[in-house]
1. Within region 321-377, count every residue that is touching a strand residue (DSSP E or B) at 6+ places or on another chain (Cβ under 6 Å), within 24 Å of Leu188 (Cα to Cα) and part of a loop (DSSP other than H, G, I, E, B).
2. Restricting to region 256-292, and then to whatever is in contact with an Asp or Glu (Cβ under 8 Å, 6 or more places away or on another chain) and β-branched (Val, Ile, Thr), can you tell me which residue is surrounded by the fewest Cβ atoms within 10 Å (Cβ to Cβ)?
3. Conditions first: (1) among the polar types (S, T, N, Q); (2) closer than 25 Å to Ala217 by Cα; (3) in contact (Cβ under 8 Å) with a residue 60 or more places away in the chain; (4) surrounded by 20 or more Cβ atoms within 10 Å (Cβ to Cβ). Ser40 passes all but one, so which condition is the exception?
4. Confirm whether Gly77 is out of contact with any Ser or Thr (no Cβ under 7 Å at 6 or more places or on another chain), assigned by TED's automatic domain parsing to the domain that holds Gly141, of a type outside the set (A, V, I, L, M, F, W, C) and surrounded by fewer than 20 Cβ atoms within 10 Å (Cβ to Cβ).
5. State the number of residues belonging to region 328-339 that are surrounded by fewer than 21 Cβ atoms within 10 Å (Cβ to Cβ) and touching a residue at least 24 places away in the same chain (Cβ under 8 Å).
6. Taking the condition of being closer than 24 Å to Ala360 by Cα and either of a type in the set (A, V, I, L, M, F, W, C) or in contact with a Phe, Trp or Tyr (Cβ under 6 Å, 6 or more places away or on another chain) (or both), how many residues in region 302-332 meet it?
7. Output the helices (runs of 4 or more DSSP H) that fall wholly within region 221-313 and possess 1 or more residues being modelled with pLDDT of 95 or more and within 24 Å of the chain's Cα centre (by Cα), or say none.
8. Can you tell me how many residues in region 231-268 are more than 22 Å from Arg350 (Cα to Cα) and either of a type outside the set (Ser, Thr, Tyr) or in contact with a Gly (Cβ under 7 Å, 6 or more places away or on another chain) (or both)?
Amino acid sequence: MKRIYCIFLSAVLVSAIACKQGAMGLDDYDQEIYRPRYASGFEIVGAEGRQSTILKVFNPWQGAENSETMLFIARNGEETPAGFSGQIVEAGARRIVCMSSTYVAMLDALGQADRVVGVSGKDYITNEYVTTHSDAVADIGFDGNVDYERLLALNPDLVLLFGISGASGMEPKLSEMGIPFCYVGEYLEESPLGKAEWLVAVAEITDSREMGESFFAPIPQRYHTLKEKVTEGAADNPRVMINSPYAGSWFMASTESYVARLIADAGGDYIYKRNTSNRSLPIDLEEAYMLTSAADLWLNPGSAASLAELKSQFPKFANTRCVRNGAVYNCNKRLNAAGGNDYWESAVVRPDVVLHDLIAIMHPEVLADDDRNLYYYRRLE
């Protein structure tokens, strides 16, 4: 009789636990698993007694306000909480489609580039795994022209995507095909370190958050050490012009932007102070000419690989002081044969290396003689 009672009691307890787990709601996922220190666009939360987590992505495209998407990362067969209406993926996703080369770089930093099974614009990706495993990585096309049959054939666990001025056009078709997706909003971060911290979000999806945190942890340390060298040793702040004409306009970044912050942290003075918004704004060519003429340094002048090419593309700017003095640097040192640029790929997860380049350009005197080599940038000659 005592044995029967114990069995009955155990069954009741198991049933109670199961009911409790099944009844868990979205509000129960209120435990902070990872709150970014530098990024503002995501956080990871969990619930007491659960191994599953939720990746929350805030305002995932430009112009979004009070918008949030969620990805439930399931572990141990746990069910989604009541009231959850987002995307669902099993932890440890192994077959991932990356709609931006930046996501490839994040997975590569985690030692997981072999989880990439599909990309957008494969010819323009510089990552070694992608370029040497052409049979294992498919090109599914671009956002407006995706080969969904090829995408479906890849049997992906997840698609990492982005939105520009609204939700991705891929959303309806992915939902129809039952393929889960997640927005990665690193490009919206204004902090260089905030962009890199999105690596931790991707690591959570592949069930390797500790690895992601370990990779990211020394980056702010190196970044701040470099910044302190400038603060303590730089004597001046060169005025810096950026970019080049595009479709008849010259777009200038905000004073709070990623590039403006990098320039400031490297000891430069971003020359355009009128844009304090959260996006790049166009100026006319006359104003651009005046700014370039007043600048000490010109960064990122389009696709130009030499001063001769720059002068040919923009003859009006050939007599500006930056060009005359050879003070023009472009972030296109690491190109592949098709013109794919590693700066737009791996530099996002290596802001300390980008900062080092800019310091070597603006304030080489604060670096050791053997520590002035450029990684992403090159001087146009």
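The values are calculated or read from the model by the stated rules, or taken from the named source; none is laboratory data. None of the values given here were measured: they were computed from a predicted structure. Every residue, glycine among them, receives a Cβ derived from its backbone with ideal geometry; neighbour counts consider all protein chains shown.
1. Going through region 321-377 one residue at a time, the tally reaches 2.
2. So, considering only residues that are in contact with an Asp or Glu (Cβ under 8 Å, 6 or more places away or on another chain) and β-branched (Val, Ile, Thr), the one surrounded by the fewest Cβ atoms within 10 Å (Cβ to Cβ) is Thr276.
3. (4)
4. Answer is yes for this residue.
5. Adding up the residues that qualify gives 6.
6. Counting residues in region 302-332 that are closer than 24 Å to Ala360 by Cα and either of a type in the set (A, V, I, L, M, F, W, C) or in contact with a Phe, Trp or Tyr (Cβ under 6 Å, 6 or more places away or on another chain) (or both) gives 11.
7. 258-265
8. Let us first name the residues in region 231-268 that are more than 22 Å from Arg350 (Cα to Cα), namely 232-239, 241, 244-252.
So of that shortlist, the ones also either of a type outside the set (Ser, Thr, Tyr) or in contact with a Gly (Cβ under 7 Å, 6 or more places away or on another chain) (or both) come out as 232-239, 241, 244-245, 247-248, 250-252.
So the count comes out to 16.
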